[in-house]
Each structure stands twice: as structure tokens, then as C-alpha cells.
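A short worksheet on the structure shown next.
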Amino acid sequence: MSSEFTHIGPTGTVRMVDVSQKPVSRRIATARGHIRLQRGTIQKINQSSIAKGNVLAVAQVAAVSAVKRTDELIPLCHSLPVQHVDITFHEDSEGFEIECAVTTVAQTGVEMEALTGVAVAALTIYDMCKAVDKTMEISDVRLVSKTKESI
């Protein structure tokens, strides 16, 4: 059985891709997503008046922690050394755009780590604000760029 999917073996079984022969390179992946919130919730976040604490700071720490543990969440992900994680929040009229950029020097990329960082940041904001906003919506989690540089 032939497949274009790298995580499916020749007999149709699931497998972790063998990257042992690939050269080590510097890899950066950036993902984005959005969380829609009521205007009053955005104001409470900006005024640090959400009862659970500083929402964006906690979401940032949660995202970094999640990035470093992506291989424990996604069964076929490789364990990767993460050299840098940058989580940013950009307020817009409907909530926050979340961006996560992850850097590694390894034999495979960090796309899943960047996506996981965005998703967990959004889920953390949701968790911290659910008592005051019943209309929140997480959307548009996507990979926006990835690079690979020889070293």
C-alpha cells in the first residue's frame, strides 16, 4: 500500500517518521489564531480585573509550557529541543489575535508546537474568562509560516 502520508507505513500501519538521516537545521514556525470576546471582557482583561488574574500573562506561560510538551499531546510528534518561544497578543475590535513563533535546531520542524501554543493560549483565555463571557469563540488556528536554514 503506497501513501502520500508520511505517518502511514507501507502496509497501512501508523508510524512515527524516521528523521534520523535528515540534517540538523534551524527551523522556525509561526502560527496564529483568534479568540472572539465581548467588548466588556476585553476591557476587563486590559484592566486586569478578571478574578483569576492577569489573563494574557497566564495564557503566555501556558502556551510556552504547551509548546514544550507537544510531543506528549500529539502521538506521532517527535520530541524536540525548543530554543525559543514567542507568544504575542494583538487586540482587535472583536478580541485577540494570538501568535506563536517557535524556534528549534533539529531534524524536523516545529509546526505542531507553534499550533499547540496558539491553541493552548486561546483555551487558557477561554478558561479564565468563562465566568464573565458566555459567547467566546476560538477560530482560525493556522500555520502562517515556516522556515528552514542550513547550519
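Here, each number is a calculation from the coordinates, and none is a lab measurement. From a predicted model like this one, the values you see are computed outputs, not experimental measurements. A quick note on method: Cβ atoms are made from the backbone with ideal geometry, for glycine too, and the neighbour counts reach across all protein chains shown.
Worth a mention:
- Integer Hz, Karplus 6.51/-1.76/1.60 couplings in order for segment 26-32, x for Gly and Pro: 7, 10, 10, 10, 10, 10, 9
- Formal net charge of residues neighbouring Lys130 (Cβ-Cβ distance under 14 Å; K, R +1; D, E -1): +1
- Hits among lysines - C-alpha to C-alpha of Lys148 under 19 Å, sequence gap 8 or more where chains match: Lys22
- Degrees separating the helix 55-68 axis from the principal Cα axis of the chain, which is the longest one: 10 degrees
- GNM result for the chain, Cα springs below 10 Å: residue of Ala66, Ala121, Ala57 fluctuating most strongly: Ala57
- Mean Cβ neighbour count within 10 Å, used as a protection proxy, ranking 9-19, 46-56 highest first: 46-56, 9-19
- For segment 128-134, 3J(HN,Hα) per residue [Karplus equation, 6.51 cos²θ - 1.76 cosθ + 1.60, θ = phi - 60°, Hz, x = Gly/Pro]: 6, 10, 4, 6, 10, 9, 8
- Sorted by Cβ density within 10 Å, fewest first, the residues Phe5, Phe89, Phe96: Phe5, Phe89, Phe96
- Partner aspartates and glutamates for Lys52 [C-alpha distance under 17 Å; skip if fewer than 8 residues away on the same chain]: Asp127, Asp133
- Calculated from backbone phi, Karplus (6.51, -1.76, 1.60) coupling profile of segment 114-122 in Hz, x at Gly/Pro: 5, 5, 5, x, 5, 4, 6, 4, 5
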